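First up is the structure itself, then whatever we jot down about it.
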Amino acid sequence: MSETALIFAKGKGRCFANQVGKCRGACNGQESIAAHTQGAQEALTQLQVNVWPWPGSIAIEGQSAGATAAPASFDVDSYRILNRSLHYPEQHGLTVTPL
């Protein structure tokens, strides 16, 4: 990806990535902006976070033997595990109630 075409770097002509062979040349016309944009979108799609499937806040009720409550804080790994479970709550013994 061209740092210059993505507006991460200023300047005219070839970006540093193109000079070292890591960019196809959107910064200097070797690659079209349309092709560069498509490549950037494809690369970023892999990093996209799933959209929240409910219209707002939800309450989650589950049963767990011996679980204790922890202080509330955002943890990316916990979010990913929870998000996986929320796609099929019945299979994981969860009840999801939109608030």
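Throughout, read-outs are computed from the coordinates displayed, never taken from laboratory work. Since we're looking at a predicted model, the values are computed, not measured. Cβ atoms come from the backbone with ideal geometry, glycine included; neighbour counts cover every protein chain shown.
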Exercise for the section: Rounded to the nearest 0.05, what FRET efficiency do Asp77 and Ser57 give with R0 = 25 Å and r taken as the Cβ-Cβ distance? Could you check? Expected result: 0.70
Handout entry: Contour excess over end-to-end distance, with Cα ends at Leu94 and Ala34 and 0.36 nm allotted per residue
Key = 17.1 nm
